[in-house]
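Shown next, in structure tokens, is the structure this report addresses.
The values are calculated or read from the model by the stated rules, or taken from the named source; none is laboratory data. Please read all numbers here as calculations on a predicted model, not as lab measurements. Note: ideal-geometry Cβ built from the backbone for every residue, glycine included; neighbour counts use all protein chains shown.
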Amino acid sequence: MPTLNLNIENMHCGACVRRVTQTLNALPDTHAEEVQIGAARVRTEAEPTQIQEALRVAGYPAHIAS
């Protein structure tokens, strides 16, 4: 599975990290490898747009890190 690095907005505390981790792990073929305040590394077969949409709905807009 390829790894996707994301910059995530509105993630300011441990509860936010848990919510983002749960959101990512609920997606098929997606595993949150590392989630830190403001960023995440995700191993996934899913399309980046699916991941970004799920995080947006959860209140955490995400952008692919360059």
(request) Quick one: count up the residues across the stretch 40-66 that are more than 17 Å from PRO2 (Cβ to Cβ) and without any contact (Cβ under 8 Å) to a residue 40 or more places away in the chain. (result) 5
(request) Grab the strands (runs of 3 or more DSSP E) fully contained in the chain, keeping just those with 3 or more residues being surrounded by 14 or more Cβ atoms within 10 Å (Cβ to Cβ) and in contact with an Asp or Glu (Cβ under 8 Å, 6 or more places away or on another chain). (result) 39-44
(request) For the stretch 47-61, indicate whether the set of residues that are at pLDDT 95 or above, in contact with a helix residue (DSSP H, G or I) (Cβ under 6 Å, 6 or more places away or on another chain) and small (Gly, Ala, Ser) is non-empty. (result) yes
